[in-house]
Amino acid sequence: MAFGTVALLVMAAGYTLGAVLSLVARSDRAARVLTAVGAVVGGAGGLAAAVSVLATRVSVDAVLPTVVSAAGGIVIRLDPLGAFFLALITAVSLPAAVYGTTYMAEYDGRCSLRVFGLMFNAFLLGMSVVPCAANIFTFVMAWELMAVSSYFLVMTESEHSETRQAGLWYAAMTHLGLVLLLPMFFLIAAGHEATAFVDLRAYGATLTAGTRTAVFLLALTAFGSKAGIVPLHVWLPRAHPAAPSHVSALMSGVMIKLGIYGLIRVLFDLLGGGPAWWGGVLLAVGSVSALLGVLYALVEHDLKRLLAYHSVENIGIILIGLGAGSLLHSVGLRALAVIGWTGALFHTLNHACFKGLLFLGAGSVKQQTHTGNMEELGGLITRMPQTALYFLVGSAAIAALPPLNGFASEWLVFQSLLAGAHISRPEIAAGFPIAVGMLALTSGLAAACFVKAFGISFLAMPRSDHAAQARECHWSMRAMMLVLAGGCVVLGLAAPWVARGMSRIIDGVPGLSAGEPIPPSSSLWLTVPNSSAQVSPLLLAVLLGAITVAVLGAIHAGGLRVRRADTWGCGRISQTPRMEYTASAFAEPLRRVFAEVYQPTQDLSINMHPESRYFIQSITYTSHVVPWFEQVFYDPVIRTARGLAAQTRRLQAGSLHLYLLYVVAALVAALACAWWFQ
Amino acid sequence: MSRYAVLVVQPLVALGLAPGLVGFVRWLKARLQSRRGAPPWQPYFEIRKLFGKEAVVSHTASWIFRATPFVVFGTSVVVASLVPLILVPASPLVAGDVFAAVYLLLLGTFFLALAGLDTGSPFGGMGASREMTVVALTEPTVALSIVALALSAGSTNFSQIVARTIAEPAAALGPGHLLAFIALFVVTLAETGRLPVDNPSTHLELTMIHEAMVLEYSGPYLALIEWGSALKLLVFLALAANLFIPWGLAFALAPGALAIGLASAIVKLGALAATIAVLETRVAKLRLFRVPELLSASFVLALLAVMSTFLVR
């Protein structure tokens, strides 16, 4: 048996054993350990399979035709594109699983860690099988396993009403995706027996333009609801804060990326790409998602919800890369299109890395302080120095600061947008500079947002007793954050090498391939074909390091004298945390600038002294930002659904006679149908 | 060999010129306001004196506060090695393009804003919040000005942009270039904390942006930050001058060409600095919430610049 097949078997066996063993574990502690053991064995198998496919570029096949043979059985084919996503899943799930062993300790006795272990491993199995699936049945089953098990993971703390509400939103949105996924596959395979992806690829070429359009729209909505594009992102800011943090890291870092995988697989692999307007739609949806995601993150003061909105932003950036590549491809600029797609895939990997890291960091903060509200945090850099350092690395990476990985992928996306200048049709080319403006605004706002997230949560003085009593988290949790932080640095410095690997993967997908050999590039520079633009994150890092060391040496040689004193405060006696800037205050200027988008509701009540209105007893100020498009899109839907549900409830009268009548009516109706169809 | 020298020569020249540039603006402003003013070389003395003094660091400050001056200074110096100042950086070792320069400066600002929050002083937080607001709103204009330049050059590489403008001067005088130049100049005022966005000589808390962030710094740390900020001003002015009016830049490491490059750089920077001084005497500072209007106007200019480039090609 080939190495890849063995590794895939180890993966499936590891996850299955982890699920079963943790279910029958004797204690909560044993359940936690067994959960992680299964996940680590499974993840190691998956990573080995993915790496071997990426290294040898030979796909791994496995077929189990006897399992549900009517639906085509289970067909597995791990090609380089799937292997890339499998590598990404396992690279984040390995640290997350180990992190969870100690992180979940606070749940001991509070909720069933056995069921949690079952669902956690089922979730990993579902996610890992999605990129390996090679027929409709396997794909949909894995997709649904992933959706259902993650629903239970979100519901871990189901005693809170917020969690139950989040679970409802998540279940509704994720099943909206499934409901659209089935007709999408049906449209591609209509009138045919075989449902393997190899056959679908052949059918895809024969579809009419109208069917292709329908498939595109269904795929965009179905996979978009998983990826979290605006306005289908509503479940992200609800479900991510509700789930345990290492589950959020997996959902946000990895699971939503499978929406991107689905889009690439269906639109560019099975259908082989489409007309120019597909790319235009992807570009527009990406730009809007990126900008709105970061705008709502700015006014969010819950650490995990802020990170969830940033996932919306980053999915937007990935879609901008996909859309730009698709537009360039459709006008024949194939070599330049590869830059956009490379940027998109690279950003997918990078986002998994830094968002996983940031959620694990937020989890450590939440474990120690029991709050995610930034207004109650502060001063953690002296209490949790290592967590703070890792969170800072993640923040700088997501803000696209050089020389970290976010910079490299955003640079590629920017270059693909600049390549739009080569398009001779002005009506297409004019969209690119607008996307440049939106992407630049997004990255500027992201930098502002992460100054807020890191600066308010970790710096200065603690704003509450919880924050003041925080201690550094367990070493195993810190080690896992170190792994991901190291990933951010290495992916940044080795960006040219990684990007070259990505372009090889892209070359293997029919709808993405440049159709010409990839120009050789150096391993030091990120480059663009037909252009002299180049950047070397490694060289930038070396220069920065050298200058810092030189200046540091010069200053210390001159004898640096440092005196510790109080912060200057205009003659006040002592400094208290109440004097610090708050997260709300930090975001206030931008909230005012974008007031048209936020439409905040403000409530100011001033309690005056009864004797004179010049003496104020208390002032209460509350302000809320409720996303207006949630009200526009979802309120009517929810109202209609509730109305229908209320009507349906009349059936439930509670009378036994009525129910017997239903039974008889149903029987008569069934018989009538049988007679009619005969 | 000569091609690598740019990595060393340019930052050194920039470091040498930067305090003088700031001093020149201050001196000219004083003269325009009928004051005598300090001589243009005053900032050199200030920096030297600050390096000799002790640094006072707040009890609440962490290592971020002490690391920030090095990040700010380091990023400014690296950017100075990338941009065309007296020499066109044609070396294959030049580490980045326009985007790299912009994001490196953003790295410096990111750390400066964190340092502002680190001391727990309300001034620092206020400065950080305002600075990040202004920087976030300038990013799209910066990016679009770059696009306008890169569209005609076909690349974001500095040497390519400069070479293209010199080869086709007719394109350089086109409307697109002019609009992009104005947009970039407005952005320069905002990014480097000049009037009408920020007032570099104020210490009134209602109006401070940059000064509020660096309020807690003293001694050598303050010297590094001041020098880094001066360098940032020089880099932005050099970008505005040499990307749009590149004539005089040296293309080789010959003494004659370098001398011409240096002289032309000083003349161009002096002219732009004089413009800033005149502007700062003539206009009042904008209210913070009027700044977005100015920045969106500059964004529209940059967008028009790009669109006109599409039209005329």
Of (1) under 19 Å from the mean Cα position of the chain (by Cα); (2) within 21 Å of B:L15 (Cβ to Cβ); (3) of a type outside the set (D, E), B:A263 fails just (1)
Restricted to segment B:123-136 and to residues being facing another protein chain (nearest Cβ under 7 Å) and under 17 Å from the mean Cα position of the chain (by Cα), the residue nearest to B:L105 (Cα to Cα) is B:V135
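Filter segment A:566-610 down to the residues that are of a type in the set (S, T, N, Q), more than 10 Å from every other protein chain (Cβ to nearest Cβ) and in contact (Cβ under 8 Å) with a residue 60 or more places away in the chain and list them by number.
Step one: filter segment A:566-610 for residues of a type in the set (S, T, N, Q), giving A:567, A:574-576, A:582, A:584, A:599, A:601-602, A:605, A:607.
Those left that are additionally more than 10 Å from every other protein chain (Cβ to nearest Cβ): A:574, A:584, A:599, A:601-602, A:605, A:607.
Matches in segment A:566-610: A:S584 only.
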>> Given the condition under 30 Å from A:A399 (Cα atoms), at pLDDT 90 or above and either among the basic types (K, R) or surrounded by 22 or more Cβ atoms within 10 Å (Cβ to Cβ) (or both), answer yes or no: does some residue in segment A:271-279 qualify?
In response: yes
Inside segment A:543-565, the number of residues satisfying the requirement of being in a helix (DSSP H, G or I), at the interface with chain B (Cβ under 8 Å from one of its Cβ atoms) and of a type in the set (V, I, T) is 4
Filtering segment B:58-73 down to residues that are free of Cβ contacts under 8 Å to residues at least 40 places away in the same chain and not aromatic (F, W, Y) yields B:H59
Scanning segment B:271-292 for residues that are buried (at least 16 other Cβ atoms within 10 Å of the Cβ) and closer than 12 Å to B:L21 by Cα gives B:L272, B:A273, B:I276, B:A277
Within segment A:629-649, is there a residue that is hydrophobic (A, V, I, L, M, F, W, C) and either farther than 30 Å from A:Q165 by Cβ or outside any helix (DSSP H, G or I) (or both)?
no
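Against the condition part of a loop (DSSP other than H, G, I, E, B) and at negative phi, how does A:P610 come out, does it pass?
Considered against the rule, which asks whether it is part of a loop (DSSP other than H, G, I, E, B) and at negative phi, A:P610 comes out as yes.
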Flagged in segment A:251-280 as assigned to a helix (DSSP H, G or I) and among the β-branched types (V, I, T), in numbering order, are A:V254, A:I260, A:I264, A:V266
Considering only helices (runs of 4 or more DSSP H) wholly within segment A:196-250, the ones with at least 1 residues that are hydroxyl-bearing (S, T, Y) and free of Cβ contacts under 8 Å to residues at least 60 places away in the same chain are A:197-206, A:209-227
Note to self: Any residue at all in segment A:379-388 that's of a type in the set (V, I, T), out of contact with any helix residue (DSSP H, G or I) (no Cβ under 6 Å at 6 or more places or on another chain), surrounded by fewer than 24 Cβ atoms within 10 Å (Cβ to Cβ) and at pLDDT below 90?
What the structure shows: no
Matching residues in segment B:30-62 (exposed (fewer than 13 other Cβ atoms within 10 Å of the Cβ), within 26 Å of the chain's Cα centre (by Cα) and either among the polar types (S, T, N, Q) or closer than 30 Å to A:S574 by Cα (or both)) number 1
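Condition check ((1) closer than 30 Å to A:A335 by Cα; (2) small (G, A, S)) across all residues:
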| residue | (1), (2) |
| --- | --- |
| A:R425 | yes, no |
| A:A430 | yes, yes |
| A:L445 | no, no |
| A:C473 | no, no |
When A:H246 is run through (1) surrounded by 24 or more Cβ atoms within 10 Å (Cβ to Cβ); (2) in contact with a Lys or Arg (Cβ under 7 Å, 6 or more places away or on another chain), the failure sits at (2)
Those residues of segment B:157-207 that are closer than 21 Å to B:W247 by Cβ and within 12 Å of another protein chain (Cβ to nearest Cβ) come to a total of 10
Here the residues within segment A:136-150 that are polar (S, T, N, Q) and touching a residue at least 60 places away in the same chain (Cβ under 8 Å) are A:T138, A:S150
Considering segment A:327-355, residues that are among the hydroxyl-bearing types (S, T, Y) and either under 28 Å from A:A485 (Cβ atoms) or crowded, with 24+ Cβ neighbours inside 10 Å (or both), and then whichever is modelled with the highest pLDDT, we arrive at A:T348
Counting only residues that are at pLDDT 90 or above and closer than 30 Å to A:Y170 by Cα, segment A:648-678 contains a total of 0
**Prompt:** Does A:L307 satisfy the condition of being in a helix (DSSP H, G or I), modelled with pLDDT under 90 and not β-branched (V, I, T)?
**Reply:** no
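Find the residue count for segment A:372-402, including only residues that are of a type in the set (A, V, I, L, M, F, W, C) and within 11 Å of chain B (Cβ to nearest Cβ). Full working, then the answer.
So the first thing to find is which residues in segment A:372-402 are of a type in the set (A, V, I, L, M, F, W, C), and the list is A:374, A:377, A:380-381, A:384, A:388-389, A:391-393, A:396-401.
When the remaining residues are screened for being within 11 Å of chain B (Cβ to nearest Cβ), the result is A:380-381, A:388-389, A:392, A:396, A:399-401.
Residues meeting the conditions: 9.
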In segment A:389-411, residues that are surrounded by fewer than 24 Cβ atoms within 10 Å (Cβ to Cβ) and under 20 Å from B:A136 (Cβ atoms) total 1
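The values are calculated or read from the model by the stated rules, or taken from the named source; none is laboratory data. As the structure is a computational prediction, the values presented were derived from the model and not from experiment. With ideal geometry, Cβ positions are generated from the backbone for all residues, glycine too; neighbour counts draw on all protein chains shown.
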